[in-house]
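*Asks:* Below you will find the structure I want to go over with you.
The values are calculated or read from the model by the stated rules, or taken from the named source; none is laboratory data. Because the structure is a prediction, the values reported are computed rather than measured. Don't worry about glycine lacking a Cβ; one is built from the backbone with ideal geometry, like all the others, and counts go over all protein chains shown. We work out accessible area using only protein heavy atoms, side chains counted, and drop any ligands, DNA or RNA first. Shrake-Rupley method; radii C 1.70, N 1.55, O 1.52, S 1.80 Å.
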Amino acid sequence: MSRLFRLTLPRLTLLRPALRRAGSLGVALTLGAAGSVTLTFRESPSLPGPVALQGVAWDTAGRLHLCLGARLLSVNAARPGVPTASPSAVALPGPCQGVTVSVDARQAAVLGDGRLDLIDLSTRSVTGTLPIPGLSGAGFTADGTLLIGSPAGLERVTLPGLTHAALDPTPVTTLVVAPDGMRAVVGRGERTQLLDAGTLRVLSGSGCDGRCPPGAVQFSADGRSATVQAAQGVTALRDGFPATTVLRAAEPELAGPLSALPLRDNTALILRDGETQVRDLQTGHRETRRVVPGLRAAPAALTPEEHLLTLTGQGLTLSRPDLSGAQPLLTLPGVVSGGAVGSDGTLLTLTDGALRGPGSRGLASGVQEVAGAGRAAFTLRAGALAEVQGAALRPLPGQRGAAHLSLNHWGNHVATWNAQGFSVTAQKTGRVIVSAPGAYARVTVSPDATRAYLFPASGDPRVMLLASRKTFALPVQPGALYRDVQISGQGVFAYLRADGRTDLYLPGQRQPVATLGGGAPARFSPDSTMLALGTPTPGGWVVTLHDPASGRELARSAPLDGPPTFLAWSADSRSLHVGAGPLDGLGSVTTLTVTP
């Protein structure tokens, strides 16, 4: 049996300095071409907020591997008492949903949506991608081959040749291989079994009356036991023993998230939000219960030495199973959904609805969006528009029940819109200068506030003259399909194409002067001399700076930990705040100094 696969060339590193810890100063992040602009890394704080941690794995070399968004982050932090080293990372083709590491700690396989990315951990590069529709699990066996589960059944893949061998055509709903590669838990139809990963001999198993795909699977440190979570409860599978029930469906512990970790002493450690329990692995009898404020039920993992990795708040902690000897390992970065520069020049960030100012000081909760330009910043909160003035919000009229907002280049006019229509509000007077019906995905107001560029959810974009409400087609090349635009103070247009690239139009021109590789997000500097773009590359997302007159690239940043959620310039065009952290760091945002 064979599959098509895509090989990814090793990424081209233009400049990859050793980044210091988040918050350090003066580290060169990247340089542009000779005689052009220089970007200098200034800081990358880790801000509070939701964490995009999807999976963890330990390897025999003592490294911890974390699935964080679209990157695999690796840290030397194996044992209590061993200092945590600076992290390294690999940019992935898409979001990471789980990771497994080979027994020799040389390779990793990252599970994605219908794909498996193969990673060389020594070179920190993606060496190949296997497209596997309906991928339900994968893991390295002791001999270095990969077991793969999918609706096509159970397969074995030999590396590095990627030779496939079909083992069983029965569709696989779950597959998890023990860290030592000796055993695997496989869910197929009504059966969940503990198998010898090499011979596929059944070592233990359980069944149910109907289809009951297993959920989370956890192996003991020695790999001889596994717990399987399902709607019917938590089941323990042990090498050479019948399956036993640890938690039953009627028990209140199953309400809410939990992790069930089998220990070598024939007990199971149950983690729930805010508490732990120890239960007999054979009888399910609860032996102890402890309240642990701030403890998260998942993710959780056991090291080969049976130390416990847990998430408490935003920090990963390593301890013994009884939670004694706890040692903080890492503070994980929160995901920032938006940002802007306030009227006082400080950075505003939006995390999980919380608007924060300098030092992560809370300014408002329940905020939908924040945007800024020039020396003004605005928010949407419960569909209402407000201007951020220091630590206060000044209410302004806008589209009732607005879902989105955008600012013109100078920041003195704000567009707000929803599925019913849009409004444009003048900052100086605090009045709505125009309202019109229509369902739009994006609205952009020209710098002189005479036109609105309307991009509907479906159909062709239009330009509206705000004084007369007359509309006409976009003044662009025929057949072009665009979904947003940014307009500089000098009248240069940066149109975002449907494929994620950007077409640059000079004033009065109907043909683009250049097509740029990035564009989401895109922001002209306040002095209109530079265009910043979020740009995907084989080595990860970067920020590129371009000359608006020609499209020539002036500089680019080192790889980021994912696509930027925002770009925010300082009013003097000398600082650029990026809604992403460094690829090899633990920051939430990155601030760059821009030097001509």
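*Asks:* Could you tell me whether Thr565 is in contact with a strand residue (DSSP E or B) (Cβ under 9 Å, 6 or more places away or on another chain), buried (at least 19 other Cβ atoms within 10 Å of the Cβ), in a strand (DSSP E or B) and polar (S, T, N, Q)?
*Replies:* On the way: in contact with a strand residue (DSSP E or B) (Cβ under 9 Å, 6 or more places away or on another chain): yes; buried (at least 19 other Cβ atoms within 10 Å of the Cβ): yes; in a strand (DSSP E or B): no; polar (S, T, N, Q): yes.
The answer is no for Thr565.
*Asks:* Please work out if Leu396 is in contact with a Gly (Cβ under 6 Å, 6 or more places away or on another chain), open to solvent by less than 50 Å² (accessible area, probe 1.4 Å), at pLDDT 95 or above and not β-branched (Val, Ile, Thr).
*Replies:* On the way: in contact with a Gly (Cβ under 6 Å, 6 or more places away or on another chain): yes; open to solvent by less than 50 Å² (accessible area, probe 1.4 Å): yes; at pLDDT 95 or above: yes; not β-branched (Val, Ile, Thr): yes.
It is true that Leu396 is in contact with a Gly (Cβ under 6 Å, 6 or more places away or on another chain), open to solvent by less than 50 Å² (accessible area, probe 1.4 Å), at pLDDT 95 or above and not β-branched (Val, Ile, Thr).
*Asks:* Is at least one residue of region 527-548 at pLDDT 95 or above, part of a loop (DSSP other than H, G, I, E, B), within 21 Å of Asp344 (Cα to Cα) and open to solvent by 30 Å² or more (accessible area, probe 1.4 Å)?
*Replies:* yes
*Asks:* Could you list, in sequence order, all residues of region 248-273 that are loosely packed, with under 14 Cβ neighbours inside 10 Å and either among the small types (Gly, Ala, Ser) or modelled with pLDDT of 95 or more (or both)?
*Replies:* Ala249, Ala250, Ala255, Gly256
*Asks:* Just to verify a result, which residue in region 297-356, among those that are closer than 30 Å to Ala376 by Cα and more than 24 Å from the chain's Cα centre (by Cα), is least open to solvent (accessible area, probe 1.4 Å)? Even if it seems obvious, please write down each step before you answer.
*Replies:* First, the residues of region 297-356 that are closer than 30 Å to Ala376 by Cα: 333-356.
The next check asks that each one be more than 24 Å from the chain's Cα centre (by Cα); those that pass are 342-346.
On the way: Gly342: 5, Ser343: 56, Asp344: 102, Gly345: 49, Thr346: 41 Å².
Here the answer is Gly342.
*Asks:* A further question on this structure: Restricting attention to region 115-122, does a residue exist that is closer than 28 Å to Asp196 by Cβ and basic (Lys, Arg)?
*Replies:* Looking through region 115-122, at least one residue is closer than 28 Å to Asp196 by Cβ and basic (Lys, Arg).
*Asks:* Can you tell me which of (1) among the hydroxyl-bearing types (Ser, Thr, Tyr); (2) in contact with a Gly (Cβ under 6 Å, 6 or more places away or on another chain); (3) surrounded by fewer than 13 Cβ atoms within 10 Å (Cβ to Cβ) is the one Thr245 doesn't meet?
*Replies:* Among (1) among the hydroxyl-bearing types (Ser, Thr, Tyr); (2) in contact with a Gly (Cβ under 6 Å, 6 or more places away or on another chain); (3) surrounded by fewer than 13 Cβ atoms within 10 Å (Cβ to Cβ), Thr245 violates only (3).
*Asks:* Sort out which residues of region 147-188 are more than 22 Å from Asp120 (Cβ to Cβ), open to solvent by 50 Å² or more (accessible area, probe 1.4 Å) and assigned to a strand (DSSP E or B), and write them in order of number.
*Replies:* Residues satisfying the conditions are Ala166, Leu167.
*Asks:* Shifting gears a bit: Look at Leu203 and say whether it is free of Cβ contacts under 8 Å to residues at least 40 places away in the same chain and either surrounded by fewer than 24 Cβ atoms within 10 Å (Cβ to Cβ) or in a strand (DSSP E or B) (or both). Reasoning before the result, please.
*Replies:* Values: free of Cβ contacts under 8 Å to residues at least 40 places away in the same chain: yes; either surrounded by fewer than 24 Cβ atoms within 10 Å (Cβ to Cβ) or in a strand (DSSP E or B) (or both): yes.
Yes, satisfied.
*Asks:* Further, regarding this structure: Determine, yes or no, whether Ser74 is of a type in the set (Ser, Thr, Tyr), under 23 Å from the mean Cα position of the chain (by Cα) and within 20 Å of Pro171 (Cβ to Cβ). Quick ask: steps written out before the conclusion?
*Replies:* Working: of a type in the set (Ser, Thr, Tyr): yes; under 23 Å from the mean Cα position of the chain (by Cα): yes; within 20 Å of Pro171 (Cβ to Cβ): no.
Spelling it out, it is not the case that Ser74 is of a type in the set (Ser, Thr, Tyr), under 23 Å from the mean Cα position of the chain (by Cα) and within 20 Å of Pro171 (Cβ to Cβ).
*Asks:* Next question, about the same structure. Which one of these does Thr244 not meet: (1) hydroxyl-bearing (Ser, Thr, Tyr); (2) in a loop (DSSP other than H, G, I, E, B); (3) in contact (Cβ under 8 Å) with a residue 40 or more places away in the chain?
*Replies:* (2)
*Asks:* Here's something else I'd like to know. Restricting to region 505-524, count the residues that are in contact (Cβ under 8 Å) with a residue 40 or more places away in the chain and closer than 22 Å to Gly562 by Cα. Even if it seems obvious, please write down each step before you answer.
*Replies:* Filtering region 505-524 down to residues in contact (Cβ under 8 Å) with a residue 40 or more places away in the chain leaves 506, 520-524.
Okay, now just the ones that are also closer than 22 Å to Gly562 by Cα, so 520-524.
Count: 5.
*Asks:* Checking Val292 against (1) closer than 30 Å to Val370 by Cα; (2) open to solvent by 20 Å² or more (accessible area, probe 1.4 Å), which single condition isn't satisfied?
*Replies:* If we test Val292 against (1) closer than 30 Å to Val370 by Cα; (2) open to solvent by 20 Å² or more (accessible area, probe 1.4 Å), just (1) comes out false.
*Asks:* Look at Ala436 and say whether it is in a loop (DSSP other than H, G, I, E, B), open to solvent by less than 30 Å² (accessible area, probe 1.4 Å) and either at pLDDT 95 or above or touching a strand residue (DSSP E or B) at 6+ places or on another chain (Cβ under 8 Å) (or both). Steps first, answer last, please.
*Replies:* Working: in a loop (DSSP other than H, G, I, E, B): no; open to solvent by less than 30 Å² (accessible area, probe 1.4 Å): yes; either at pLDDT 95 or above or touching a strand residue (DSSP E or B) at 6+ places or on another chain (Cβ under 8 Å) (or both): yes.
Criteria not met by Ala436.
*Asks:* Evaluate region 271-285: report whether one residue or more is more than 30 Å from Ala391 (Cα to Cα) and of a type in the set (Ser, Thr, Tyr). Walk me through how you get there before you give the answer.
*Replies:* Of region 271-285, the ones more than 30 Å from Ala391 (Cα to Cα) are 271-285.
Filter once more, so that each one left must be of a type in the set (Ser, Thr, Tyr): 276, 283.
Yes, because at least one residue in region 271-285 is more than 30 Å from Ala391 (Cα to Cα) and of a type in the set (Ser, Thr, Tyr).
For every residue, the table says whether it meets (1) surrounded by fewer than 19 Cβ atoms within 10 Å (Cβ to Cβ); (2) in contact with a strand residue (DSSP E or B) (Cβ under 9 Å, 6 or more places away or on another chain); (3) modelled with pLDDT of 90 or more; (4) not in a loop (DSSP other than H, G, I, E, B).
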| site | (1), (2), (3), (4) |
| --- | --- |
| Val51 | no, yes, no, no |
| Cys67 | no, yes, yes, yes |
| Thr84 | yes, yes, no, no |
| Pro95 | yes, yes, yes, no |
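*Asks:* Next question. From the list Leu454, Leu363, Leu405, Leu380, which one is in a strand (DSSP E or B), at pLDDT below 95 and within 32 Å of the chain's Cα centre (by Cα)? Lay out the reasoning, then the answer.
*Replies:* Working: Leu454 fails: at pLDDT below 95; Leu405 fails: at pLDDT below 95; Leu380 fails: at pLDDT below 95.
Of the residues listed, the single one that is in a strand (DSSP E or B), at pLDDT below 95 and within 32 Å of the chain's Cα centre (by Cα) is Leu363.
*Asks:* A follow-up question, please. Tell me the strands (runs of 3 or more DSSP E) entirely within region 458-522 that contain at least 1 residues that are open to solvent by 50 Å² or more (accessible area, probe 1.4 Å). First the steps, then the outcome.
*Replies:* On the way: elements: 462-465, 471-473, 482-487, 493-497, 502-505, 514-516.
Answer list for region 458-522: 462-465, 471-473, 482-487, 493-497, 514-516.
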